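Read through the structure below, which is laid out as structure tokens, and then see the notes.
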Amino acid sequence: MEQLGAHGILVDVRRGPLVDERSLHEALRDNVIGGAVIDVWYRYPTGGDSTRPAYLPFAQLPNLLMTPHTSGVTRDAFVGRIHDIADNVARLAAGREVERVVWPR
């Protein structure tokens, strides 16, 4: 975190333990870095329960913008998905190979 410096901004839009929750909180709290924008929750609700996004009080930090892994949800993203689906339906109807197929492991 120190490498970012006091004016550095961390942007984290992933899933998984890439950034250590405690280290990030301490760096923000102590102004080791200038701020952070995170589109991630460190704790996800399970079994229909609600939960706070982290064990630490990130919401109290003035130098943090935090979203619940929804920053990629835009109108353009949905329009792009619709276009891709329609294109693949047309490919199937024409007997052509579909694109962007993801096979389960």
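The values are calculated or read from the model by the stated rules, or taken from the named source; none is laboratory data. On a predicted model such as this, the values are computed, not experimentally measured, just so you know. All Cβ positions, glycine included, derive from the backbone under ideal geometry; neighbour counts span all protein chains shown.
Please work out which residue is farthest from the chain's Cα centre (by Cα), limiting yourself to the range 6-26 and to residues that are closer than 19 Å to residue 55 by Cα and hydrophobic (A, V, I, L, M, F, W, C).
Here the residue is 24.
Given 24, 92, which one is at pLDDT 80 or above and touching a strand residue (DSSP E or B) at 6+ places or on another chain (Cβ under 9 Å)?
Result of the check over 24, 92: 24.
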Open item on the list: Checking the condition exposed (fewer than 13 other Cβ atoms within 10 Å of the Cβ), touching a residue at least 40 places away in the same chain (Cβ under 8 Å) and under 20 Å from the mean Cα position of the chain (by Cα), which residue from 80, 72 passes?
Closed with: 72
